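Before any comments, here is the structure.
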Amino acid sequence: MIAYGQSETGPVRRINEDCFVSAEDLRLFIVADGMGGHAAGEVAARIAVESIEKFIRRSHDTEDFSWPYGVDATLSYDANRLKTAVCLANRRINRLAENHDDYLGMGTTVVCALVTNGHLIVAHVGDSRLYLSAGNDLVQLTQDDSWAATVFGSNGDSNGSRTRHVLTNVLGVRPDTQVHLLEREIAGNETLLLCSDGLHGSVSHEKLRDIVASTQELPALAQSLISTALEQGSRDNITALVARCSPEPV
């Protein structure tokens, strides 16, 4: 499995509050988009990706660790790992905000993909998205935690309404948060796109599909996504993390 990520500060932003991790050895990929004044959004996003990666790495190939949020019997072992990792990140961000006035109210969106044993496990909070491309098709697997998505449907198409940016669920603002999880089998020839709303909020689904389905190498593909968002007038920070799946070794 190979992956490449790129993040760029938006034209009206002084600080890039997006953060991402591509841990190919774990087959773990994360994008977070922070929010909050005094650079607090940047802190929240960084804490989220670091906390999630740390727990997934610590729990990799071992059962010698605790389950502070219990185990959901309806989820697979690895889905429980990913859910626990996101919940731990939420708690860490929330506690830091409570203890530092400059960080009060900070939070972040997050979308994570963990590929293991022929399965794709996705966890997300907020409006950062994960798309799956197979052939010439592009499927949005996550649904935004936003006012617009609640009213207008899964892609939050509110015809440019300002409510598109009103989030109903983020990581770190409350002691507990709702983590959305999904799990599906993959064949091993898919492409994953994880991105912040600086990308999907400016580039149409059809244009994303065409770019991701191209035969470009991953660095060029990520750059093409970023450039297209800027050309379409994106004013936010833009992050695109692209991973191409391959069959796991037997």
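The numbers here are math on the coordinates, done by the rules we state, and not lab data. Note that the structure is a prediction, hence the values are computed from the model and not measured. We place every Cβ from the backbone using ideal geometry, glycine too, and count neighbours over all the protein chains shown.
Oblate is the label for the stretch 182-221, because the ratio a/c of its alpha-carbon gyration tensor axes (a ≥ b ≥ c) is 1.5 or higher and a/b is not greater than b/c.
Using 0.36 nm times the number of residues separating GLU231 and ASP137, minus their current alpha carbon distance, what extension gain do you get?
Extra length from GLU231 to ASP137 when fully extended: 31.5 nm.
Counting only Cα atoms, the size of the stretch 2-244 along its three principal axes is 46, 45, 32 Å, in decreasing order. Taken as entire DSSP H runs, the helices of the chain that both span 24 Å or more between Cα atoms along their own long axis and average -1.0 or more on the Kyte-Doolittle scale are 40-58, 77-99. With each label modelled as a point 7 angstrom along the Cα→C-beta vector, the GLU98-LEU182 pair spans 3.3 nm.
The loop-placed GluC sites (Glu not before Pro) in the stretch 50-101, going by DSSP, that have at most 13 neighbouring Cβ atoms within 10 Å of their Cβ come out as GLU63. For the stretch 159-228, what class follows from the C-alpha gyration tensor (a ≥ b ≥ c being the square roots of its eigenvalues): rounded when a/c is under 1.5, otherwise prolate if a/b is larger than b/c, else oblate? It is oblate, given that a/c is not under 1.5 and a/b is not larger than b/c. Placing +1 on the Cβ of every Lys and Arg and -1 on the Cβ of every Asp and Glu, with nothing else charged, gives the chain a dipole about its Cα centre of roughly 360 debye.
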